[in-house]
1. Provide the packing ranking of 73-81, 132-140, 19-27, i.e. peptides ordered by the mean count of other C-beta atoms within 10 Å per residue, highest first.
2. Scan the chain and note any complete DSSP helix (H) whose C-alpha atoms cover at least 20 Å along its axis and whose Kyte-Doolittle average is 0.5 or more.
3. Going by Cα centres, the stretch 88-132 and the stretch 31-60 are how many Å apart?
4. Residues with amide H under 5 Å of residue 5's amide H, sequence separation 5 or more or different chain, H placed in the peptide plane at 1.01 Å from N; which?
5. What does the highest-first list of 82-93, 104-115 look like by mean Cβ count within 10 Å?
6. Give the shape of the stretch 22-81 as rounded, prolate or oblate, defined through the alpha-carbon gyration tensor: a ≥ b ≥ c are the square roots of its eigenvalues, a/c under 1.5 means rounded, and otherwise the shape is prolate if a/b is larger than b/c and oblate if not.
7. Scattering from the C-alpha atoms of the chain alone, worked out with Debye: what is log10 I(q)/I(0) at q = 0.08 1/Å?
8. Just the number please: accessible area per residue for the stretch 1-58, 1.4 Å probe, all protein chains included, in Å².
Amino acid sequence: QRCRILSEEDICSRCNDSSRREDQLCIVEMPSDVIAIEQATHYQGQYFVLTGHLSPLDGIGPEALGIPDLIERFDQKIVTEVILATNPTVEGQATAHYISEIARSRDIHVTRLAHGIPLGGELEYVDSGTLSHAFAGREKY
């Protein structure tokens, strides 16, 4: 009911885990994204699964993604940081932008997963779109 992850219980085990941070909310497109993050990181916050991305041409709007539930969660004033982990597709970027506007209007800090060159990757083999995005998003070293 809280995160929209498929579970036999009303509240999943991650949402029931009192050791997880309630003030951080990672927003993903699919339940499989949660599993990938859990296996690859030490993230200890909460999740919200959209089960897709905004796609007006396909009739997928905010209601289909549970955005009203997400807004209700934001309005509880527990979440202080939203981590946008939608896919780096046009639809994923649009969905992230839409959610970021909602979160920022409620003074919630918004971050987005970095995109770019994979660890161990070689520049000559990276596609031009990824290289361009990585170059534009470079950080101080």
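The values are calculated or read from the model by the stated rules, or taken from the named source; none is laboratory data. Keep in mind the model is a prediction, meaning the values are calculated, not measured. Every residue, glycine as well, gets a Cβ built from its backbone with ideal geometry; the counts of neighbours run over all protein chains shown. These accessible areas exclude ligands, DNA and RNA; they are computed on the full protein's heavy atoms, side chains included. Shrake-Rupley method; radii C 1.70, N 1.55, O 1.52, S 1.80 Å.
1. 19-27, 73-81, 132-140
2. none
3. 14
4. So residue 5 has HN proximity to 49.
5. With the highest mean Cβ count within 10 Å placed first, the list reads 82-93, 104-115.
6. oblate
7. The computed values of log10 I(q)/I(0) come out as -0.24.
8. Counting only protein heavy atoms, the per-residue value for the stretch 1-58 is 60 Å².
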